[in-house]
Amino acid sequence: MPTKKHATWGGRFTAGPAEAVQRFTESVSFDHRLAPYDIRGSIAHAKMLAKIGVLTRAECAAIVKGLDQIGMEIAAGKFKWRADLEDVHMNIESELTRRVPAGAKLHTARSRNDQVALDVRLFVRDQIRLVQGDLRDLQWSLLMLASANDDVIIPGYTHLQRAQPVLLAHHLLAYVEMFDRDHSRLTDAFKRTNVCPLGSGAIAGSTLPLDREFVAKELGFDGVTQNSMDAVSDRDFIVEFLADGALIAMHISRLAEDLILWASAEFGFIRIADAYTTGSSLMPQKKNPDIAELARGKTARVYGNLVALLTLLKGLPMTYNRDLQEDKERLFDTADTLRSTLGVLADMLLNTRTVNEHCEAAASDPALLATDLADYLVKKGIPFRQAHHIVGALVAEAEKLGKPLNALPLETFRALSPKFGSDVRQVFDVRRALAARTVTGAPSPANVLRQLKRWEKMLSK
Ligand code: ARG
């Protein structure tokens, strides 16, 4: 605040720092996004004030009308935000009061501390539902790619080395499972977010007989917070959203990594449509999976947002501290990043096709069935450890001769174990091998088909 003394000897001294402080402390440049929630909260608060007799019916009606109008102007981009009014709350309240005298009563028994806590809860609540919808869309895209190619076999990998044959659909459905757990984590977070903090005031509630339950009901909350100090100062529900978001981003990033590998010439399992790839400014032959790479890259900022918020909160004494204003950009960034990434990945997958001859060629490597060969011996009474050793020796022999495992003569097999019979040839039939994987969760075609049906039923709800 410029003091009188300063003002007498020149505005230029006071104007400089005051503006810098204003620029440093304002939040309206980003929290204007909370306007629809701020207005909904204010309308509910006004109705409650009328119910308990603080506002007359006419005053309440004028306030609601004024807020509705301001809301429409904001939505139309016609509202003039003023940085000197600091934040979204003060901007709306001051404009309301300019238009409607009773606006001066709106802040009765309310502080910006419980007001902002309310606004962010309403925002997170919406974002949870939106991100959940995006997760469902991505699951659907994965399911579509899986079911359109439900007989395509690829090698499954461990250590990025070919391990065992699986159905491509099984691989894709693994991500459908991951995103489903992400969805349910958000459902869980929703419960703790959906509690109304309004009525907590600045820190210690109010001496006026507020009807908090009424406000909660108006705004669709499941209940009201039970400790005013907790309600104005904790942001753990945002941490939960950001943490759930970090897990989603981690799953997105893993999917992106697989897609990038699959789109490479080395794998060649998929082709992403041109519209979802980019070229190189130098190398004319290049077709880059930039969407998947950016999806993987954006995980960094989503993790960063979580760590930033945890760090922001860890040293705060009770109760509200202005530090909390820093929660919003982190929250908005995670919400926006998740939404755009999930959306574009879902679209990209709908525009991706498998290259079946490459998948087939990679999956027909007989070494992928070495475990099945050991199982063959186990079924003939050989202890697994011993069987593993015998097959290992066979693999080494094949490598030495530069031949695929199934090209070794039967005598070579029998030299290592007399239990090998001519039926050992069947082990190298990859479709037969897959069909035998009927254990729950394993990729037999029958199992995978059942899973595809289960997800289709579940996701088309
Ligand atoms: N812009 C502030 C925030 O985001 C609103 C609450 C301000 N409260 C206060 N006592 N200064 O946290």
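Odds and ends about this structure:
- Carbon + sulfur, % of accessible area of the stretch 8-160 - ligands and nucleic acids excluded, 1.4 Å: 57
- Accessible-area composition of the stretch 183-230, carbon plus sulfur, in percent [1.4 Å probe]: 53
- Positive end of the dipole of the stretch 386-439 (Cβ unit charges, origin at the Cα centre): among ALA433, LEU394, PRO404, the Cα lying farthest that way belongs to ALA433.
- Between GLN22 and ARG129, the contour length at 0.36 nm per residue exceeds the Cα-Cα span by 35.0 nm.
- Helices meeting the span-like rule in the chain (full DSSP H runs, Cα extent of at least 30 Å along the helix axis, mean Kyte-Doolittle score of -0.5 or higher): 112-148, 168-193, 236-263, 290-314, 327-350.
- The stretch 248-403 - percent of accessible surface contributed by carbon and sulfur, probe 1.4 Å: 55
- Projecting the Cα atoms of THR371, TRP81, LEU55 onto the charge dipole of the chain (Cβ charges, centred on the Cα centre) puts LEU55 farthest toward the positive pole.
- Distance between modelled label sites at VAL439 and LYS51, nm, 7 Å Cα→Cβ extension: 5.8
- Shape annotation for the stretch 148-264: C-alpha extents along the principal axes are 69, 25, 19 Å, from largest to smallest.
- The heavy atoms of HIS107 present about 50 square angstrom of accessible area, all protein chains included, probe 1.4 Å.
- Accessible area per residue, Å², the chain with all protein chains present, probe 1.4 Å: 49
- Taking the Cα centre of the chain as reference, the dipole from Cβ charges on Lys and Arg (+1) and Asp and Glu (-1) amounts to some 480 debye.
- Share of Cα-Cα pairs in the chain lying beyond 30 Å, as whole percent: 61
- Accessible-area rank, largest first, for LYS400, LYS298: LYS400, LYS298, with all protein chains present and a 1.4 angstrom probe.
The values are calculated or read from the model by the stated rules, or taken from the named source; none is laboratory data. Worth saying up front: this structure is predicted, and the values here are computed from it rather than measured. No Cβ is skipped: glycine too gets one built from the backbone with ideal geometry, and neighbour counts run over all protein chains shown. In case anyone asks, the SASA skips ligands and DNA or RNA and just uses the protein heavy atoms, side chains included. Shrake-Rupley method; radii C 1.70, N 1.55, O 1.52, S 1.80 Å.
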